[in-house]
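All remarks here apply to the structure that follows.
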Amino acid sequence: MPKVQRLAEKLEIKLEADVKKKVSAYLDSIRCYWRMPVPFGYGKSGLDYEGCLCGWFFAIETKAPGFWLTPRQRHTAREIYLSGGAVFVISSEAGLDAFKRWVNKCQRVSAEHAASQ
């Protein structure tokens, strides 16, 4: 493997790790259940994060800026979406902001529902 390609792969891994740190920090700051499934090759594939917020299931795939989902990740994301879950691909602050808006909406709807009971 050429040296330039190895350096590019290391940079991609570092950039994706930076995105994961931001996503994990945000998830820790809100009241929700979340986990990062560990891929072992057994069972069904998942995305980087799976969680539940106010009764709604979500999945997040983090990517280094400029990268997109693999075919397997696209298939998994589609299955989750078609099953009623929310799916987010986060590679930048804009992606994280979109997830935060969804979180705020879920929390608002949940609070309105609780107040009407």
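The values are calculated or read from the model by the stated rules, or taken from the named source; none is laboratory data. The model shown is predicted, which means the values in this text are computed figures rather than measured ones. All Cβ positions, even for glycine, are placed from backbone atoms using ideal geometry, and neighbour counts span all protein chains on display.
Structure notes:
- Cβ separations smaller than 6 Å between residues 6+ apart or across chains give the following pairs from the stretch 65-82 residues that are within 19 Å of Val19 (Cα to Cα) to residues that are not acidic (Asp, Glu): Pro65/Ser91; Pro65/Ser92; Ala77/Val87.
- Within the option set Glu93, Glu61, Glu50, being modelled with pLDDT under 95 and out of contact with any Phe, Trp or Tyr (no Cβ under 6 Å at 6 or more places or on another chain) holds for one residue only, Glu93.
- Identity of the residue in the stretch 64-90, polar (S, T, N, Q) and assigned to a loop (DSSP other than H, G, I, E, B), that ends up modelled with the lowest pLDDT: Thr70
- The residues of the stretch 17-63 that are more than 27 Å from Val109 (Cα to Cα), free of Cβ contacts under 8 Å to residues at least 12 places away in the same chain, of a type in the set (A, V, I, L, M, F, W, C) and not in a loop (DSSP other than H, G, I, E, B) amount to a single one, Ala17.
- Against the criterion of being within 12 Å of the chain's Cα centre (by Cα), of a type outside the set (A, V, I, L, M, F, W, C) and in a helix (DSSP H, G or I), Lys105 does not qualify.
A quick yes/no check of all residues on (1) out of contact with any strand residue (DSSP E or B) (no Cβ under 8 Å at 6 or more places or on another chain); (2) surrounded by fewer than 12 Cβ atoms within 10 Å (Cβ to Cβ):
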{"residue": "Ser29", "(1), (2)": "yes, yes"}
{"residue": "Arg35", "(1), (2)": "no, yes"}
{"residue": "Asp48", "(1), (2)": "no, no"}
{"residue": "Cys52", "(1), (2)": "no, no"}
{"residue": "Val87", "(1), (2)": "no, no"}
